[in-house]
Amino acid sequence: MAIPIIVDCDPGTDDAVAILLALASPELAVLAVTVAGGNVGLGHTLANALALTALAGSDVAVHAGAERPLLGAFTSEVRIHGENGLGGVVLPPGGAAAPGLACDVIRRILREAAEPVTLVGIGPATNLALALTSEPALTGRVRQIVLMSGAWGEGNVTPAAEFNAWSDPEALAILLASGCRVVFATLDLTAQALVTPARIAAWRERGSGRCLRAACDIQASVPLLDRFGDSGTPLHDPCALAWLIRPDLFAVRDCSARMDLGPGPSRGRTLIDRWGRTGDAVNAAVLETVDADGLFRLLGERLALLP
Ligand code: BDR
Ligand code: CA
């Protein structure tokens, strides 16, 4: 039986591969794609989500959501994702967004689904938090929340904070207090999943479909980061989806987690207590390791199934 999921995203060069992976995988039933502003403004992230689902030949509903975080100012990450969010790669335009605002649609789906739904968040958590905080009883309809977010070590926007967590820390705090299990694919995990020219070349050898080609071109656009030198760049968001598809590729640990919501330099930090030092109740799990070769093989295999 396929796992029912909602993908909440901000595409995004790595969101692009994550969306294609979800749509190509029979283990997952994508009930909706909901979009927030994040890597780039909502105008671009929504257009990108629509273009990617159309490229995959999918008729999944794509809904617009939050343009900005619950508090504070919106900031984008164009240095990594380019002005259009896809590293300058231009896809044929998709269709129109489906009616309904993301948080309303998430609540409707949770209410109506035959079984609990897994929420996958690979952007700022605003849409998910708005949905759950406006109708808390629906947390009983959530199987779990799987996020690419946070870090137990260094951040990537500030020394303390990862981009999605830092973009809307209050939203992430709402999810952590919701009573739902929150599973984190953190920066410490995604640092193990580096895109390299050799891995892109191996994908390209798998076929000539338009989705595979787009995924390769988009990934080839991502700039190298000082932190990783020539070793490659982390492929963040697909890790969250891949864990649902192939949990055997990952090691996972239960833990407690909470947010630093202070105004200081640690704002947006995810305080992930992997070793039970706080004595706080377990409310989360972290994906600690990934078999990167297995992950990239899975991605190549699935991207090649798409048109
Ligand atoms: C996360 O932030 C975004 O830039 C990526 O799409 C990913 O979701 C990594 O910090
Ligand atoms: Ca993202």
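The values are calculated or read from the model by the stated rules, or taken from the named source; none is laboratory data. A quick note: this is a predicted structure, and the numbers were derived from the prediction, not measured. Cβ placement follows ideal geometry from the backbone for every residue including glycine, while neighbour counts extend to all protein chains displayed. In case anyone asks, the SASA skips ligands and DNA or RNA and just uses the protein heavy atoms, side chains included. Shrake-Rupley method; radii C 1.70, N 1.55, O 1.52, S 1.80 Å.
When segment 216-240 is examined, which residues are found to be more than 15 Å from ligand 2 (Cβ to nearest atom) and part of a helix (DSSP H, G or I)? Once the filter is applied, which keeps residues that are more than 15 Å from ligand 2 (Cβ to nearest atom) and part of a helix (DSSP H, G or I), segment 216-240 yields C216, D217, A220, D226, R227, F228, G229, D230, S231.
Just to check your reading of the model, which residue among V62, V40, V78 is more than 16 Å from L147 (Cα to Cα) and within 11 Å of ligand 2 (Cβ to nearest atom)? Even if it seems obvious, please write down each step before you answer.
On the way: V62 fails: within 11 Å of ligand 2 (Cβ to nearest atom); V78 fails: within 11 Å of ligand 2 (Cβ to nearest atom).
Answer to the selection: V40.
Of all residues in segment 155-172, those satisfying the criterion of being crowded, with 24+ Cβ neighbours inside 10 Å and either hydroxyl-bearing (S, T, Y) or more than 12 Å from ligand 1 (Cβ to nearest atom) (or both) are S167, P169, A171, L172.
Can you tell me which residue within segment 241-269, out of those that are assigned to a loop (DSSP other than H, G, I, E, B) and under 18 Å from the mean Cα position of the chain (by Cα), is surrounded by the fewest Cβ atoms within 10 Å (Cβ to Cβ)? Among residues in segment 241-269 that are assigned to a loop (DSSP other than H, G, I, E, B) and under 18 Å from the mean Cα position of the chain (by Cα), the one surrounded by the fewest Cβ atoms within 10 Å (Cβ to Cβ) is R246. Based on this model, can you work out whether L23 counts as open to solvent by less than 10 Å² (accessible area, probe 1.4 Å), in contact with a Leu (Cβ under 8 Å, 6 or more places away or on another chain), over 24 Å from V157 (Cα atoms) and in a helix (DSSP H, G or I)? No.
Of the residues in segment 1-15, how many are assigned to a helix (DSSP H, G or I) and either closer than 21 Å to C103 by Cα or more than 16 Å from ligand 1 (Cβ to nearest atom) (or both)? Break it down into steps so the answer makes sense when it comes.
Let us first name the residues in segment 1-15 that are assigned to a helix (DSSP H, G or I), namely 13-15.
Keeping just the survivors that are either closer than 21 Å to C103 by Cα or more than 16 Å from ligand 1 (Cβ to nearest atom) (or both) gives 15.
Selection size over segment 1-15: 1.
Here A29 clears all of (1) surrounded by fewer than 18 Cβ atoms within 10 Å (Cβ to Cβ); (2) more than 15 Å from ligand 2 (Cβ to nearest atom); (3) touching a residue at least 60 places away in the same chain (Cβ under 8 Å) except the condition numbered (3).
Residue-level check: of (1) buried (at least 18 other Cβ atoms within 10 Å of the Cβ); (2) more than 16 Å from ligand 1 (Cβ to nearest atom); (3) of a type in the set (G, A, S), A36 misses just (2).
Look at W152 and say whether it is touching a residue at least 12 places away in the same chain (Cβ under 8 Å), over 20 Å from P11 (Cα atoms) and away from ligand 1 (no atom under 16 Å from the Cβ).
Working: touching a residue at least 12 places away in the same chain (Cβ under 8 Å): yes; over 20 Å from P11 (Cα atoms): yes; away from ligand 1 (no atom under 16 Å from the Cβ): no.
Taking the combined requirement at face value, the residue does not satisfy it.
For every residue, the table says whether it meets (1) open to solvent by less than 10 Å² (accessible area, probe 1.4 Å); (2) within 16 Å of ligand 1 (Cβ to nearest atom); (3) farther than 26 Å from G155 by Cα.
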| residue | (1), (2), (3) |
| --- | --- |
| I174 | no, no, no |
| A185 | yes, yes, no |
| T190 | yes, yes, no |
| A202 | no, no, yes |
| R213 | no, no, yes |
| D217 | no, no, yes |
| A220 | no, no, no |
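Within segment 80-91, does at least one residue satisfy the condition of being within 16 Å of ligand 1 (Cβ to nearest atom) and either under 20 Å from L175 (Cβ atoms) or part of a helix (DSSP H, G or I) (or both)? There is at least one residue in segment 80-91 that is within 16 Å of ligand 1 (Cβ to nearest atom) and either under 20 Å from L175 (Cβ atoms) or part of a helix (DSSP H, G or I) (or both). If you go through segment 131-169, how many residues are in a helix (DSSP H, G or I) and closer than 26 Å to P265 by Cα? Adding up the residues that qualify gives 6. Scanning segment 36-65 for residues that are touching a strand residue (DSSP E or B) at 6+ places or on another chain (Cβ under 9 Å) and part of a loop (DSSP other than H, G, I, E, B) yields a total of 6.
Among the residues of segment 266-277, is any within 16 Å of ligand 2 (Cβ to nearest atom), touching a Pro at 6+ places or on another chain (Cβ under 6 Å), of a type outside the set (A, V, I, L, M) and touching a residue at least 60 places away in the same chain (Cβ under 8 Å)?
Taking segment 266-277 first, the residues within 16 Å of ligand 2 (Cβ to nearest atom) are 268, 270.
Still in the list and also touching a Pro at 6+ places or on another chain (Cβ under 6 Å): 268.
Now restrict to residues that are of a type outside the set (A, V, I, L, M): 268.
Subsequent filtering for residues that are touching a residue at least 60 places away in the same chain (Cβ under 8 Å) retains 268.
Taking every residue of segment 266-277 in turn, at least one turns out to be within 16 Å of ligand 2 (Cβ to nearest atom), touching a Pro at 6+ places or on another chain (Cβ under 6 Å), of a type outside the set (A, V, I, L, M) and touching a residue at least 60 places away in the same chain (Cβ under 8 Å).
Scanning segment 183-200 for residues that are more than 22 Å from S256 (Cα to Cα) and part of a helix (DSSP H, G or I) returns P197, A198, R199, I200.
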